[in-house]
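*Asks:* Below: one structure in structure tokens.
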Amino acid sequence: MLSLSGLYRYPLKSGRGEALQRSAVDGLGLHGDRRWMLVDADNGRFITQRLLPQMSQLSALYDARGGLTLSAPGREDLSVALPDPEQDLRGVVVWRDSLRVPDAGDAAAVWLSDLLGKPCRLVQVPEGRARQVDTAYAQPGDRVAFADGFPLLLIGQASLDDLSQRVGQPLSMLRFRPNLVVTGGEPYAEDSWKRIRIGDVEFEVAKGCSRCILTTIDPQTGERNAQREPLATLKTYREREGDVFFGQNLLPRGVGELQLGMTVEVLE
């Protein structure tokens, strides 16, 4: 039997992950997932751990007012209010997408720029300003917030266990930044799924997730692995046409609530 054994949200793109017991699912994936992002103060281009590995030590948690509480080792926490969705709009770029989203203000920009040693701004995406998912893999109207390309990422626990054995050491699931972790079944069973249901929510499996250098950053320390592990090992058996795949991108086909322990049903 397959079950939901991990549920993770990343309020700030490339910030620390947040383990959840339950979460609502809306049109953009897990409620609050990757709705905030850092951008270059000069050109509006998105900033991630690929450029600044120290972002792995940056925590951004939702507060009761719908904003964020920013925290990092050695720094005082900073509360950031949810910006007005129609005010202080800033042009930003996420991969090939350009959009205008509200800026979170100067206090957050100063706090983050000082922490990371790079001039940056904090922005937030209201649901109405979210991006269209690549229609080669999705339907018109499918939307994604600030995640790289898709609203949700799923990884089987057996797949991580197999990779850890090949690398020769246990690997943290957070290194791969999934939203959903499924226990049960064989390693890489998720590669063959097309549709699944968890609780009352159905999901479409859109495509495999191609992996990058970010997987070589230890989520606990922010340090890159000198041997480029586990990416180097993944390349030996999970590379296709120049891309390395691990995990599956999902599209929600409904709204509802997920909770750890729920049964995962493969529909197709």
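*Asks:* What is region 20-61 by shape, rounded, prolate or oblate, if you read a ≥ b ≥ c off the alpha carbon gyration tensor as root eigenvalues and call it rounded for a/c under 1.5, prolate for a/b larger than b/c, and oblate otherwise?
*Replies:* oblate
*Asks:* Let me ask something else. Accessible area per residue, 1.4 Å probe, Å², for the chain: what's the number? Before the final figure, lay out the partial values.
*Replies:* Values: 12150 Å² over 268 residues.
That works out to 45 Å² for each residue.
*Asks:* List the residues, sorted by chain then number, that are 5 or more residues from Cys120 or on another chain and whose placed amide H is less than 5 Å from its amide H.
*Replies:* Ala41, Ser113
*Asks:* Let me ask something additional. How large is ³J(HN,Hα) for each residue in region 251-268, as worked out from phi by the Karplus curve 6.51 cos²θ - 1.76 cosθ + 1.60 (θ = phi - 60°), to whole Hz, x for Gly and Pro?
*Replies:* 10, x, 10, x, 10, x, 9, 10, 9, 4, x, 5, 6, 9, 10, 8, 8, 7
*Asks:* Run lengths n ≥ 4 of DSSP H only: what is the helix-derived mean residue ellipticity at 222 nm for the chain, with -39500 (n - 2.57) per run over all residues, to the nearest 500?
*Replies:* Working: 3 runs with 29 residues, N = 268.
One gets -3000 deg cm²/dmol as the mean residue ellipticity at 222 nm.
*Asks:* In whole Hz, with x marking every Gly and Pro, tabulate ³J(HN,Hα) for region 7-21 from phi via Karplus 6.51 cos²θ - 1.76 cosθ + 1.60, θ = phi - 60°.
*Replies:* The phi angles translate into 9, 10, 10, 10, x, 9, 3, 6, x, 5, x, 10, 7, 10, 8 Hz.
*Asks:* When only the heavy atoms of the protein chains count and the probe is 1.4 Å, how do Thr69, Thr221 rank by accessible area, highest first?
*Replies:* Most to least solvent-accessible, the answer reads Thr221, Thr69.
*Asks:* Within region 154-255, list the GluC sites (Glu not before Pro) lying in a DSSP loop whose Cβ has at most 10 other Cβ atoms in a 10 Å radius.
*Replies:* Here the sparse-neighbourhood loop sites are Glu241.
*Asks:* Another question about this same structure. At q = 0.07, 0.08, 0.13, 0.16 Å⁻¹, what log₁₀ I(q)/I(0) does a Debye calculation on the Cα points of the chain give, no solvent, two decimals?
*Replies:* Calculated log10 I(q)/I(0) at the listed q: -0.24, -0.31, -0.85, -1.30.
*Asks:* If you line up the long axis of helix 157-167 against the longest principal axis of the chain, both from Cα atoms, how many degrees apart are they, to the nearest 10?
*Replies:* Here the helix axis deviates by roughly 90 degrees.
*Asks:* Oh, and also: Counting only protein heavy atoms, what percent of the accessible surface of region 36-129 is carbon or sulfur at a 1.4 Å probe? Spell out each step's value before the answer.
*Replies:* Details: 2240 of 4600 Å².
In region 36-129, the share of accessible area belonging to carbon and sulfur is 49 percent.
*Asks:* May I pose another question? Enumerate lysine pairs in the chain that are 8 or more residues apart or on different chains, then count those whose Cα atoms are under 23 Å apart.
*Replies:* So the count works out to 4.
*Asks:* Sticking with this one: For a quick check: with amide H placed at 1.01 Å from N, whose amide H comes under 5 Å from Arg90's, ignoring anything fewer than 5 positions away on the same chain?
*Replies:* The answer is Val101, Asp103.
*Asks:* Write out the trypsin sites (Lys or Arg not before Pro) in region 183-212 meeting two conditions: DSSP loop, and at most 16 other Cβ atoms within 10 Å of their Cβ.
*Replies:* Filter output for region 183-212: Lys194.
*Asks:* Then there is this: Using amide H atoms built in the peptide plane, which far-off residues or other-chain residues are under 5 Å from Val264 H to H?
*Replies:* So Val264 has HN proximity to Leu2, Ser3, Leu4.
*Asks:* Right, something else. Helix 106-116 versus the longest principal axis of the chain: what is the Cα-based angle in degrees, 0 to 90, to the nearest 10?
*Replies:* The helix 106-116 is inclined about 60 degrees to the chain.
*Asks:* As an exercise, use a Förster radius of 41 Å and the Cβ-Cβ distance of Asp243 and Thr69 to find the FRET efficiency, rounded to the nearest 0.05.
*Replies:* Numbers: r = 36 Å, r/R0 = 0.88.
FRET efficiency, Asp243 to Thr69: 0.70.
*Asks:* May I pose another question? Quick one: grab the alpha carbon gyration tensor of region 36-129, order the square roots of its eigenvalues as a ≥ b ≥ c, and give me rounded if a/c is under 1.5, else prolate or oblate depending on whether a/b is larger than b/c.
*Replies:* Oblate.
The values are calculated or read from the model by the stated rules, or taken from the named source; none is laboratory data. Just so we're clear, the structure is a prediction, and the values are computed from it rather than from any experiment. When we count neighbours, we look across all protein chains shown, and the Cβ atoms used for this are built from the backbone with ideal geometry, even at glycine. For accessibility, only protein heavy atoms count, side chains too; no ligands or nucleic acids. Shrake-Rupley method; radii C 1.70, N 1.55, O 1.52, S 1.80 Å.
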